[in-house]
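The values are calculated or read from the model by the stated rules, or taken from the named source; none is laboratory data. Fair warning: this is a prediction, and the values are worked out from it, not measured in the lab. In this analysis, Cβ positions are derived from the backbone assuming ideal geometry, glycine residues included, and neighbour counts consider all displayed protein chains.
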Ligand SMILES: Nc1ncnc2c1ncn2[C@@H]1O[C@H](COP(=O)(O)OP(=O)(O)OP(=O)(O)O)[C@@H](O)[C@H]1O
Ligand SMILES: [Mg+2]
């Protein structure tokens, strides 16, 4: 069953057309990656899905419901959560507060730390928090420290943890390995695999095409706002064009 479907999506920045008719389909439980050079439109694709950008043409479906007319907070509520490029954690808030902000966007209650914890929030947040701490023990160890004291890799973990606090069905990851050492990056990829094994569907944008394709069931290659190629992770890894342009072989 398709969980996410983009049909002929065109997204603009002013008059500049960044996405020129994109078709992408993600099936429940899959890890699908989107690779492409700088400026190809990868982040624009994710921001179009999460509602930060509104496509001028085309449709985006989540479980067969059109979502491209909804505001971002409604899209989060439906179960799509994005980890933005560059992490964007709150450096002055503690690690725990950063995570609680992720639950706040899902609208479990009125205030992330306040007394008026209504509805689902009181029930769900502790469970989600302990799941995130299981996945990232380093966040538990340092939960009272400001987010800004974490290393780059740990901040990426915090950004992923924060997105998981909205209990998403679909996780959109924008270049999670950017700027990380190979060892830390491989740790992050291992965690992405674990998250997928929990049943969360993942759309992964990466410049590390090798690792991303290795992890993904299927992939799409984006070039200048168009899908140039698609296939299984293995097919793309063996594709001559992909090898030359994205794998440096
Ligand atoms: N805020 C913006 N205003 C105007 N043009 C933009 C804006 N953001 C992106 N663009 C343009 O839209 C196109 C797609 O950009 P996008 O950020 O989606 O690419 P990307 O594939 O994510 O690249 P990168 O690998 O550098 O993150 C590029 O031509 C870019 O210059
Ligand atoms: Mg980008």
Exercise. Just name the residue that is farthest from residue 101 (Cα to Cα) out of those in segment 136-148 that are touching a residue at least 12 places away in the same chain (Cβ under 8 Å) and surrounded by fewer than 17 Cβ atoms within 10 Å (Cβ to Cβ).
Key: 138
Quiz item: Taking segment 22-43 as the region of interest, how many residues are under 24 Å from residue 243 (Cβ atoms) and either within 16 Å of ligand 2 (Cβ to nearest atom) or surrounded by 21 or more Cβ atoms within 10 Å (Cβ to Cβ) (or both)?
Solution: 14
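Residue 19 - would you say it is farther than 19 Å from residue 219 by Cα, at pLDDT 95 or above and within 16 Å of ligand 2 (Cβ to nearest atom)? Step through it out loud before you land on a result.
Numbers: farther than 19 Å from residue 219 by Cα: no; at pLDDT 95 or above: yes; within 16 Å of ligand 2 (Cβ to nearest atom): yes.
The answer is no for residue 19.
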Quiz item: Of all residues in segment 48-74, which are part of a strand (DSSP E or B) and in contact with a strand residue (DSSP E or B) (Cβ under 8 Å, 6 or more places away or on another chain)?
Solution: 57, 58, 59, 60, 61, 62, 66
Quiz item: Can you tell me which residue in segment 154-175 is nearest to the chain's Cα centre (by Cα), limited to those that are within 16 Å of ligand 2 (Cβ to nearest atom) and assigned to a helix (DSSP H, G or I)?
Solution: 159
Exercise. List every residue pair whose Cβ atoms lie under 9 Å apart, where the two residues are 6 or more positions apart in sequence or sit on different chains, the first residue falls within segment 28-52 and is in contact (Cβ under 8 Å) with a residue 60 or more places away in the chain, and the second residue, located anywhere, is within 10 Å of ligand 1 (Cβ to nearest atom) and assigned to a helix (DSSP H, G or I).
Key: 34/42; 34/45; 34/46; 35/42; 36/42
Quiz prompt | Any hit, segment 80-91, residues being in contact with a helix residue (DSSP H, G or I) (Cβ under 8 Å, 6 or more places away or on another chain), surrounded by fewer than 22 Cβ atoms within 10 Å (Cβ to Cβ) and at pLDDT 95 or above | solution = no
